[in-house]
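The values are calculated or read from the model by the stated rules, or taken from the named source; none is laboratory data. Predicted, not measured: the structure shown is a model, and the values here were computed from it. Cβ coordinates were reconstructed from backbone atoms using ideal geometry, including for glycine residues, and neighbour counts include every protein chain displayed. Only protein heavy atoms, including side chains, enter the accessible area calculation; ligands, DNA and RNA are left aside. Shrake-Rupley method; radii C 1.70, N 1.55, O 1.52, S 1.80 Å.
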Amino acid sequence: MRDQAEQLRLRMQQSGAREKTTRLVTVTSGKGGVGKSNFSLNFGLGLLERGHKAVLFDVDLGLANLDVLMGITPKKHLFHLLEPDTDVWEIMERGPGGLEFIAGGSGFTQIMQLDEPKLDRLFTRLNPLQGYADTIIFDTGAGLAKESLRFMLSSDEVILVTTPEPPAITDAYAVIKMLHARNPAIVIRLVINRASSEREGKMTADKLAMVAKRFLDMDIHSLGSVFEDPHVSKAVKQQRPFLLTYPQSQAAKSIRHLVDRYLETPADAAKTSGLKGFLARLKHFIR
């Protein structure tokens, strides 16, 4: 992993190539059980299929389970970066389909209690990911925990996953309302998971967008829907991503459609400031 990254940077330096923009996306949900982490995993794989390099961070502070969905056990996690002579490539794991991810670890909440020198060391060792990845995806916990809010507010954009059920919609709106109160200009994109049809997915997204516009004067855009599909639960039981295990399933086709919608939006439209900008904002919220 380290050799691959160093060779990439060397080629860029030798060719004088401009460092590519890295988009920072936080995936969240108003409540648990809506398929947020499964979406993050398969969305990252869908980006890779399109030649768009994605790196996935599991920062769900309470129920980190991306490794379970992939059927692997991480050897190291984020806090190993505080050890002497450890760099980001040593803590990065390669999952199914070649998707690279970093585990937050069960003690991830400790990041909020780090002293200044350790926090600077941790963030400095994450910097090489800038330009290495096209998109970095942070899979956070559900709801409005302050740690998750900090990641959302520090990212370039937020993908909010919900289902058509009324409790999920209500909780999703609570997230929208809180984020708007903290940053009215935040970019939020909706994903309606487990939609029974295209019509149901669109109606759910339109309902949330209408309420946000009416009460917050905020524009919310939808990436689309992921259809209800029995292949998803089958893949979960096999601890494999459904995009790889059942590539022709309705859910897999839905993910590819969402990926294409995401890639149609240029990075500058999200006003990305790259990883360094993200880390600077996150440090501000922590301190």
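Answer yes if at least one residue in segment 14-26 is in a helix (DSSP H, G or I) and modelled with pLDDT under 75, and no otherwise.
Scanning segment 14-26 turns up at least one residue that is in a helix (DSSP H, G or I) and modelled with pLDDT under 75.
Could you give every pair whose Cβ atoms fall below 9 Å, whose first residue belongs to segment 198-221 and is in contact (Cβ under 8 Å) with a residue 12 or more places away in the chain and under 15 Å from V187 (Cα atoms), and whose second residue is open to solvent by 70 Å² or more (accessible area, probe 1.4 Å) and of a type in the set (G, A, S), counting only separations of at least 6 or pairs across chains?
Pairs found: L216/A181.
Which of (1) hydroxyl-bearing (S, T, Y); (2) in contact (Cβ under 8 Å) with a residue 60 or more places away in the chain; (3) surrounded by fewer than 21 Cβ atoms within 10 Å (Cβ to Cβ) is the odd one out, the single condition T124 does not satisfy?
The one condition T124 does not meet is (2).
Residues being within 26 Å of D87 (Cα to Cα) and open to solvent by less than 30 Å² (accessible area, probe 1.4 Å): count how many of those fall in segment 135-152.
Quick first cut of segment 135-152, residues within 26 Å of D87 (Cα to Cα) only: 135-141, 147-148, 150-152.
Okay, now just the ones that are also open to solvent by less than 30 Å² (accessible area, probe 1.4 Å), so 135-141, 148, 151-152.
Residues in segment 135-152 being within 26 Å of D87 (Cα to Cα) and open to solvent by less than 30 Å² (accessible area, probe 1.4 Å): 10 in total.
Take residues that are under 22 Å from T162 (Cα atoms) and touching a residue at least 40 places away in the same chain (Cβ under 8 Å) and tell me which of the helices (runs of 4 or more DSSP H) falling wholly in segment 36-91 contain 3 or more.
Per the criteria, 36-49, 66-70.
Looking for whichever is among the hydrophobic types (A, V, I, L, M, F, W, C), modelled with pLDDT of 95 or more, surrounded by 14 or more Cβ atoms within 10 Å (Cβ to Cβ) and assigned to a helix (DSSP H, G or I) here; the options are L279, L275, L243. Which one fits?
L243
Would a scan of segment 194-207 turn up a residue that is at pLDDT 95 or above, within 16 Å of L24 (Cα to Cα) and surrounded by 23 or more Cβ atoms within 10 Å (Cβ to Cβ)?
no
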